[in-house]
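A short write-up of the structure that comes next.
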């Protein structure tokens with residue numbers, strides 16, 4: 001049973017012309033930032049701390065704490081990450097197209113709270129309609145007086161720039177995003193010293209937050225952090241958007257109260273995923289984007305709680321749940337994910353660049369019926385070289401976490417479906433082809 | 001090979017004015033180059049470099065990192081078929097195979113009439129409507145073989161021209177505001193490089 005908590009970030013979606021200023025204003029738009037501007041910036045920050053808003057980009061770090069780590073300085077930047085690229089995650093894409101003013105308002109609230117000199121919204125380049133809707137919204141918000149000098153008569157001034165990406169998964173990683181925003185190749189930066197809150201855009205202190213995280217801020221300021229914290233369970237507060245895809249009957253984004261539901265609800269509830277297509281059996285599911293290790297049907301009653309999922313050896317990550325039914329070839333699924341990582345490796349670090357290529361080639365030959373008996377050991381050995389020990393969270397041998405994410409699907413596949421891999425090798429063909 | 005037109009040069013200068021450091025405008029300017037010519041011409045890239053005072057090799061080295069930029073001509077319609085997991089589970093391999101047969105080119109190829117370039121892409125975040133594709137980054141979902149054929153026919157006949165601008169045109173909304181304080185006065189000769197460069 002899904003709880004009847006009212007939606008927060010999708011409340012306006014479905015309204016006619018929900019992306020326009022008029023529609024936004026007719027439904028409480030810009031009330032949050034108006035209220036925030038009457039408060040002291042530290043009070044705004046305190047509300048977000050009280051709300052315990054966890055970042056919605058994938059890492060799940062408390063937004064208010066992140067803001068508190070921002071180094072002091074004359075020049076500080078705010079960068080909003082709208083480079084949604086984790087496969088099967090499509091929530092930010094929807095927010096950008098359907099409610100861009102909500103993102104702008106959240107960005108203004110955050111900029112005021114942290115005292116940003118300028119704000120940038122980095123939008124995945126492929127999101128043409130999202131870029132157009134957001135750019136129109138920025139024009140409207142400027143004309144309305146919500147962006148620019150002395151916004152809404154408050155004395156606070158802020159400029160906001162919509163920046164298009166150009167197609168690279170890695171730019172969703174915050175330091176790669178900053179390199180890209182500086183007009184360079186999207187190479188992740190080493191931490192330390194490049195913690196954005198200390199040394200970010202143009203080496204200045206910078207906060208990088210996700211689009212959905214920003215979209216929660218107007219509600220939090222309007223209704224108070226305590227009201228937000230009353231939703232969900234424990235540390236997992238508020239609501240969250242889940243992208244449900246794969247073999248479900250109703251693939252879509254669903255906003256539900258945090259931690260109060262299970263994967264079973266998400267995949268089978270008639271109001272959510274609606275069950276498996278053709279009423280097939282669920283074979284496995286990915287709990288949080290293709291970087292996450294897979295779960296089997298025996299784990300379906302686990303709560304959608306980032307700490308619980310983390311303890312069980314995976315992650316809620318980007319909030320994307322992908323269901324695979326019993327007609328799915330797990331070798332092919334794991335190979336496709338591996339091919340993705342190989343293709344998207346930025347190439348800086350050897351374990352990721354070379355290891356990803358090795359794994360892609362070995363998975364390919366197994367799926368195409370040319371696998372060798374020694375290949376499973378070889379796969380695990382290469383995986384171990386990328387993420388030593390193959391534990392969770394993975395050990396890093398690389399600058400960023402793309403590399404250590406590569407083994408997830410392969411180690412899950414071998415652990416859960418070893419026989420299926422072996423049949424491919426013994427029979428010299430894919431049994432599902 | 002074309003450089004930026006006077007109008008696009010003005011747009012590029014306005015973009016540069018938006019950022020604390022000029023080089024941040026490189027990728028947005030390259031999108032303008034690609035909008036103007038359909039791909040990144042050597043002269044277009046060199047012009048972008050002149051505006052930002054960076055070497056052509058730096059421009060090329062940056063552009064080549066990004067999947068959306070083409071340093072060779074492509075078709076008027078870039079057909080990007082997703083085959084990542086959600087689409088794979090919903091028949092994307094079959095869709096791609098059909099697309100190859102219908103257009104008569106493999107991924108990466110362009111039809112002889114220059115109308116279509118086919119490519120296989122990673123997830124385009126439209127998974128609620130898998131299998132899906134994009135044409136010039138306008139999205140189409142739940143695509144079966146017949147839908148694909150109809151789409152190609154409509155594009156070839158120009159019936160979708162309002163929704164799907166030619167390849168390279170990404171964002172048709174111009175920034176109208178917030179530029180007055182930052183933008184430099186328009187140059188007298190808008191076709192000249194922003195500053196002299198050592199040869």
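The values are calculated or read from the model by the stated rules, or taken from the named source; none is laboratory data. Computed from a predicted model, the values in this text were never measured in an experiment. FYI the Cβ positions are ideal-geometry reconstructions off the backbone, even for glycines, and counts take in every protein chain you see.
Miscellaneous remarks
- So residue A:414, is it more than 23 Å from residue A:190 (Cβ to Cβ), buried (at least 19 other Cβ atoms within 10 Å of the Cβ) and over 23 Å from the mean Cα position of the chain (by Cα): yes
- Residues (buried (at least 19 other Cβ atoms within 10 Å of the Cβ) and in a helix (DSSP H, G or I)) located in region A:361-374: A:362, A:363, A:366, A:367
- Residue A:21 being at pLDDT 95 or above, more than 22 Å from residue A:257 (Cβ to Cβ) and either touching a helix residue (DSSP H, G or I) at 6+ places or on another chain (Cβ under 8 Å) or surrounded by 21 or more Cβ atoms within 10 Å (Cβ to Cβ) (or both): yes
- In region B:99-119, the qualifying residues are those that are free of Cβ contacts under 8 Å to residues at least 40 places away in the same chain and not in a loop (DSSP other than H, G, I, E, B), and the one that is surrounded by the fewest Cβ atoms within 10 Å (Cβ to Cβ) is B:101.
To keep it simple, each residue is scored yes or no on (1) assigned to a loop (DSSP other than H, G, I, E, B); (2) more than 13 Å from chain A (Cβ to nearest Cβ); (3) touching a residue at least 40 places away in the same chain (Cβ under 8 Å).
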{"residue": "B:31", "(1), (2), (3)": "no, no, yes"}
{"residue": "B:34", "(1), (2), (3)": "no, no, yes"}
{"residue": "B:40", "(1), (2), (3)": "yes, no, no"}
{"residue": "B:49", "(1), (2), (3)": "no, no, no"}
{"residue": "B:57", "(1), (2), (3)": "no, no, no"}
{"residue": "B:61", "(1), (2), (3)": "no, no, no"}
{"residue": "B:66", "(1), (2), (3)": "yes, no, no"}
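- Of the helices (runs of 4 or more DSSP H) entirely within region A:375-433, those holding at least 3 residues that are closer than 26 Å to residue A:325 by Cα occupy A:375-386, A:407-427.
- Exactly one residue out of B:128, B:141 is over 24 Å from residue B:39 (Cβ atoms), without any contact (Cβ under 8 Å) to a residue 40 or more places away in the chain and over 23 Å from the mean Cα position of the chain (by Cα): that is B:128.
- Any hit, region B:75-95, residues being at pLDDT 95 or above and closer than 28 Å to residue A:160 by Cβ: no
- Only listed residue being touching a helix residue (DSSP H, G or I) at 6+ places or on another chain (Cβ under 8 Å) and assigned by TED's automatic domain parsing to the domain that holds residue B:117, chosen from B:63, B:86, B:92, B:101: B:86
- Conditions (1) surrounded by fewer than 18 Cβ atoms within 10 Å (Cβ to Cβ); (2) within 9 Å of another protein chain (Cβ to nearest Cβ); (3) touching a residue at least 24 places away in the same chain (Cβ under 8 Å); number of the one not met by residue B:80: (1)
- In region B:83-98, the residue that is farthest from the other protein chains (Cβ to nearest Cβ) out of those that are buried (at least 18 other Cβ atoms within 10 Å of the Cβ) and in a helix (DSSP H, G or I) is B:98.
- Subset of region A:184-212 (residues that are crowded, with 23+ Cβ neighbours inside 10 Å and within 30 Å of residue A:10 (Cα to Cα)): A:196, A:206, A:207, A:208, A:209, A:210, A:211, A:212
- Only one entry in B:176, B:150 is within 22 Å of residue A:136 (Cα to Cα) and either outside any loop (DSSP other than H, G, I, E, B) or not assigned by TED's automatic domain parsing to the domain that holds residue B:81 (or both), namely B:176.
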